[in-house]
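Asker: Before I ask anything, here is the structure I am working with.
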């Protein structure tokens, strides 16, 4: 599509595959505006037959076959085939048959032939000759598929038999055209695997950043979190789903959130803008937008990213709840804190410093809602209230600590 190609040829040899993957492939084919052709190079069983029908013309190699497209159900683990319950079989056959008939009608193929490949109740008789008896599933050889029936004569399914892909291009008038053969690279195969675990990378990324905020300095949790988000965006980039613009905007969002937390606490707008940018980029990095299509995705294009984001959100809530309850009680937490401080301060020193802060009075330098910043002499500290909102400029007193944050209340002067 980027090259504005005139012809797309599927060099097909397959025993079939999953129905949902087949539907996705057919949807992708529908986005290509040029001529589409399938070359059945030996076999196009089941899902292969569906995809072939979704192209405008079908050609076949000598001694090749197409058909046997009835839906089946794999046993757990995909190690064998199980008998499908009758009601499920009827529903699955009816639904798939309707979808593939629609593709056949769209591309000028004989929809009765295609239906006989799917539905064993379909009897196919043309010119008084039984092509497929009731109870059978139609599978055609290249010779049978190109045989003409009816008045005027019309091939059953195949537009003809050709010896090779080169011979096919010559027959179609493309022998001198620029040609690009697409083969998945090792990096693209790896990206496919990475993308399948996008929900997991998001959970790990959120958990890593959460632990990093809860421990002093910057250490292993932050590195793990950053690497997880990098894997999320890297997989989408290699797979061609996104460019560098979305990771760049994600980093911008992260910087804005950081500014809200550490430099301009209480401004709210910075944090909300940063969080919105991060959320949008996480979704858009997984949206498959084809050349020539609107940049704003449609709802079907958002289905997969929103599904992964939902899984990640639910998983993150569970993981963070477990970490918040269990992590401080483990030896790992002490190790993380010690490593993060890089020997600059120990846990004991932090506790001593916090004890010295008890009772200190200072001034809120941001609105505390309930978190924010307050100035105590020369020290600018992260503080939080017990739930109440305290305006900027209010005198506050430290009454305790939660982790590394000081808990404060509004200080009451003697004259009050």
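Asker: FRET efficiency for residue 402 and residue 375, Cβ-Cβ distance as r, R0 = 22 Å, nearest 0.05?
Answerer: Efficiency at R0 = 22 Å is approximately 0.70.
Asker: For an R0 of 51 angstrom, estimate the FRET efficiency from the Cβ-Cβ distance between residue 42 and residue 275 and round to the nearest 0.05.
Answerer: Calculated value: 0.45.
Asker: Next up: Given 0.36 nm per residue, what is the gain on full extension from residue 213 to residue 98 after removing their alpha carbon distance, in nm?
Answerer: Residue separation times 0.36 nm, minus the Cα-Cα distance, leaves 36.0 nm.
Asker: Express the relative contact order of the range 7-171 as a whole percentage, based on alpha carbon pairs under 8 Å and six or more residues apart in sequence. Numbers along the way, then the final one.
Answerer: Working: 306 pairs, mean separation 33.5, N = 165.
Value for the range 7-171: 20 percent.
Asker: From the gyration tensor of the Cα coordinates in the chain, what semi-axes in whole Å does the equivalent ellipsoid have, largest first, with each one equal to sqrt(5λ)? Can you show the working numbers first?
Answerer: Working: eigenvalues 829, 95, 68 Å².
Working through the eigenvalues yields semi-axes of 64, 22, 18 Å.
Asker: Work out the FRET efficiency for residue 193 and residue 412 from their Cβ-Cβ distance, taking R0 = 51 Å, and round it to the nearest 0.05.
Answerer: Computed FRET efficiency for residue 193 and residue 412: 0.25.
Asker: In a solvent-free Debye calculation with one equal scatterer on each Cα, what is log10 I(q)/I(0) for the range 7-171 at q = 0.13, 0.15 Å⁻¹, listed in the order of the q values?
Answerer: Taking Cα atoms of the range 7-171 as identical point scatterers yields -0.60, -0.80.
Asker: What is the helix-to-structure angle for 245-262, meaning the angle in degrees between its Cα long axis and the longest Cα principal axis of the chain, kept from 0 to 90 and rounded to the nearest 10?
Answerer: Approximately 20 degrees, to the nearest ten.
Asker: Suppose only helical runs count, i.e. DSSP H with n ≥ 4. What mean residue ellipticity at 222 nm does that imply for the chain under -39500 (n - 2.57) per run, divided by all residues and rounded to the nearest 500 deg cm²/dmol?
Answerer: After summing the helix terms and dividing by the residues of the chain, the value is -15000 deg cm²/dmol.
Asker: Ranked from highest to lowest mean number of other Cβ atoms within 10 Å per residue, what is the order of the peptides 115-127, 7-19? All intermediate terms of the calculation are to be shown ahead of the outcome.
Answerer: Details: 115-127: 18.8, 7-19: 16.4.
The packing order, highest mean first, is 115-127, 7-19.
Asker: Grab the eigenvalues of the alpha-carbon gyration tensor for the range 345-410, scale each by 5, take roots, and send me the semi-axes largest first in whole angstrom.
Answerer: The three semi-axes for the range 345-410 are 20, 12, 9 Å.
Asker: Bin all alpha-carbon pair distances of the range 125-254 at 5 Å intervals from 0 and give each bin's fraction as a whole percent.
Answerer: With 5 Å bins starting at 0, P(r) equals 2, 8, 11, 11, 9, 7, 7, 7, 7, 8, 7, 6, 5, 3, 2, 1, 0.
Asker: Please compute the contact order of the chain in relative form: average sequence separation of alpha-carbon pairs under 8 Å and at least six residues apart, divided by the residue count, as a percent.
Answerer: With pairs under 8 Å counted, the relative contact order is 9 percent.
Asker: Sticking with this structure for a sec: Once you have the Cα-Cα distance between residue 126 and residue 18, take 0.36 nm times their residue separation minus that, and quote the gain in nm to one decimal. List each step's numbers first, then the result.
Answerer: Details: separation 108, 0.36 × 108 = 38.88 nm, distance 3.12 nm.
The residue 126-residue 18 span can extend by a further 35.8 nm.
Asker: Out of all Cα-Cα pairs in the range 113-192, roughly what percent, to the nearest whole number, are more than 19 Å apart? List each step's numbers first, then the result.
Answerer: Numbers: 1837 of 3160 pairs.
Within the range 113-192, distances greater than 19 Å cover 58 percent of Cα pairs.
Asker: When N counts the residues of the range 88-135, how does its alpha-carbon radius of gyration compare numerically with 2.2 N^0.38 Å, as a ratio? Don't skip to the answer; put the middle values down first.
Answerer: Values: Rg = 11.1 Å, N = 48, 2.2 N^0.38 = 9.6 Å.
Relative to the 2.2 N^0.38 Å estimate, the range 88-135 comes out at 1.15.
Asker: Also, quick follow-up: By per-residue mean of other Cβ atoms within 10 Å, what is the highest-first order of 172-183, 88-99?
Answerer: Result, highest mean Cβ count within 10 Å first: 88-99, 172-183.
Asker: To continue, here is another question. By DSSP, what percent of the beta bridges with both residues in the chain are antiparallel, rounded to the nearest 5?
Answerer: Expressed as a percentage, antiparallel bridges in the chain total about 60.
Each reported figure results from applying straightforward, stated rules to the coordinates on display, with no laboratory input. Everything numeric in this text was worked out from a predicted model, so none of it was measured. Reconstructed Cβ throughout: ideal geometry from the backbone, glycine too, with neighbour counts over all protein chains shown.
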